[in-house]
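Shown next, in C-alpha cells, is the structure this report addresses.
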Amino acid sequence: MTHTAPATGTPAPRPRTPAAPSAVDPMAPGTWLPVLLGVVYGFWISGISRDASGYQVTGWNIFLGFAAGIAVAAVAFALHRVGPALRSGPRAMSWAVFAGLAFGFCYSQTGHSVLRSTGISLAVAAGVFAATYYHYYINED
C-alpha cells in the first residue's frame, strides 16, 4: 500500500505507539483489593485472638492483627502483579496455596488441633484450586 509523501518542510508522521502503562492505577482491583483483604483479615485475626485471651484487648492482639493483615495484603498484591505472567496451572496453585495458608492460620487461632487445621485448610486450598484453575483455563488466551 502506498502513501503520499509529506510535503517539503513538514515532519513525517510518527507511527502511533501505545501509551506507557502508569506505575499504579488506583482504580485497578489489583491495588485496592489486597489492601481491603489485608484490613479485613487483620481485624478477623485480632478478633479471634482476642476471643482466645478472654475477650481482653491486648498489645499482642493488635500486633498479631497488624502483622497478619500486612502479610496477607503484601502476598495478595504480589499475586496480582505476578499472576498474569503465569500459566493457568501455576497461577491457580499460587492462589490455592495462599488461601490454604491464610485459612489454616486463621483456623489454628481458634484453638483446634494442628491436624484438624491442616485438614480443613487442605480442603479449602483444593476448592480454591479447582475454582481458580477453571476460571484461568477458560479465560486463557
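The values are calculated or read from the model by the stated rules, or taken from the named source; none is laboratory data. Given the structure is predicted, the values throughout are model-derived calculations rather than measurements. Cβ coordinates were reconstructed from backbone atoms using ideal geometry, including for glycine residues, and neighbour counts include every protein chain displayed. Only protein heavy atoms, including side chains, enter the accessible area calculation; ligands, DNA and RNA are left aside. Shrake-Rupley method; radii C 1.70, N 1.55, O 1.52, S 1.80 Å.
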query: So, in nm, how far is label A67 from label V82 when the simple model puts each one 7 Å beyond its Cα toward the Cβ?
result: 2.2
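Using 0.36 nm per residue of separation minus the Cα-Cα distance, give me the extension gain between V40 and Y55 in nm, one decimal. If you can, show how the numbers build up before the last one.
Working: separation 15, 0.36 × 15 = 5.40 nm, distance 1.89 nm.
Result: 3.5 nm gained on full extension.
Quick one: accessible area per residue over the range 69-141, 1.4 Å probe, rounded to a whole number of Å²?
Working: 4510 Å² over 73 residues.
Per residue, the range 69-141 has an accessible area of 62 Å².
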field: Ordering of 126-132, 112-118 by burial proxy (mean other Cβ atoms within 10 Å per residue, highest first)
entry: 126-132, 112-118
query: If each of Y134 and T31 carries a label point 7 Å out from its Cα toward its Cβ, how far apart are those two points in nm?
result: 3.3
